[in-house]
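First up is the structure itself, then whatever we jot down about it.
What follows is calculated from the coordinates using simple rules that are stated; it is not laboratory data. Computed from a predicted model, the values in this text were never measured in an experiment. Glycine gets a Cβ as well: all are built from the backbone with ideal geometry, and neighbour counts include every protein chain shown.
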Amino acid sequence: MAVNPDPKPGRWILPLVVLGMVAFTYFFVRELPEASTETTLVSGPGATTTVPGGDGSTTTTPGTGTTLDPETQTYLDTIDTINEELQVQQTDLVSTNDSFNEDPRGIEFGEAEDRFEAIEETVQGLVETQEGLTAPAALATNHTSLLTELNLASDSITQALDGLRSTDTGQQRNSAVEAFSTAASNYNTGVTNAVNAAGG
C-alpha cells in the first residue's frame with residue numbers, strides 16, 4: 001500500500017487565500033485617488049480654520065470658509081478687542097449708577113465720581129484707538145458706524161458725570177447711562193456686521 005507523503009493536503013488552502021487577499025488589497029489601494037493637501041475646510045459656528053497659502057498667512061473668518069488677508073484680520077481682531085472692553089465699561093457704569101441710586105446708597109458720591117471718571121477716560125482711549133485704525137475698503141462704512149457709536153458712548157459718560165456733579169435729581173445721569181448702554185449694544189452689533197461683511 002502506497003504512503004501519502006502529505007497526510008493533510010488541505011492545510012495549504014488557507015495560506016493561499018490569505019496571500020490572495022493581501023495581493024487584492026495592495027492593487028485596490030494603489031488605484032485610489034490621492035487626497036488633496038490644499039482643500040479648504042468650512043468651519044462650523046465659532047470655529048476658525050487655517051487654509052494653506054503661498055506664505056501661510058491666510059486665515060478664515062469664524063464660522064465661514066472665506067479666507068481673509070492679514071490686514072482685514074488685524075482690523076477685525078482690534079475692533080473685537082475694543083468691543084470687549086466697551087462691554088466691560090458698560091457693565092461697570094450700570095452697576096455703579098444702580099448702587100448710587102439705591103436708598104440708602106450702596107456707594108457714596110466720591111466713589112461714584114471716581115468710577116465715572118475712570119470709565120470716561122477708558123472710553124476716550126477706545127475712541128482714539130478706533131480713530132487710529134485704517135479700515136479695509138470693504139469695511140469703510142462699518143468703520144464709520146462703529147466710530148459713531150463709540151463717540152456716542154464717550155459723550156454719554158461725560159453727560160452722566162456732569163449729571164452726577166449737578167443738582168439734578170438724577171434724570172440727566174440716568175438718561176445718559178441708558179444712552180451709553182444703547183451705544184455699547186449698537187457697537188457690539190456693528191462688530192458682528194463687520195465680521196459678516198468681511199466674510200462676504
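See the values below:
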item: Any chance Thr167 is of a type in the set (Val, Ile, Thr), without any contact (Cβ under 8 Å) to a residue 40 or more places away in the chain and either part of a helix (DSSP H, G or I) or surrounded by 17 or more Cβ atoms within 10 Å (Cβ to Cβ) (or both); result: no
item: Extreme residue, farthest from Ala184 (Cα to Cα), among residues of the range 106-138 that are in a helix (DSSP H, G or I) and of a type in the set (S, T, N, Q); result: Thr129
item: Residue pairs meeting the criteria (Cβ under 6 Å; at least 6 apart or on separate chains; first of a type outside the set (Ser, Thr, Tyr), in the range 67-82; second outside any strand (DSSP E or B) and surrounded by fewer than 14 Cβ atoms within 10 Å (Cβ to Cβ)); result: Pro70/Ser57
item: Residues (surrounded by fewer than 23 Cβ atoms within 10 Å (Cβ to Cβ) and either within 10 Å of Leu146 (Cα to Cα) or among the β-branched types (Val, Ile, Thr) (or both)) located in the range 172-182; result: Thr182
item: Lone unmet requirement of (1) under 18 Å from Asp92 (Cα atoms); (2) in contact (Cβ under 8 Å) with a residue 60 or more places away in the chain; (3) among the small types (Gly, Ala, Ser) for Ala179; result: (2)
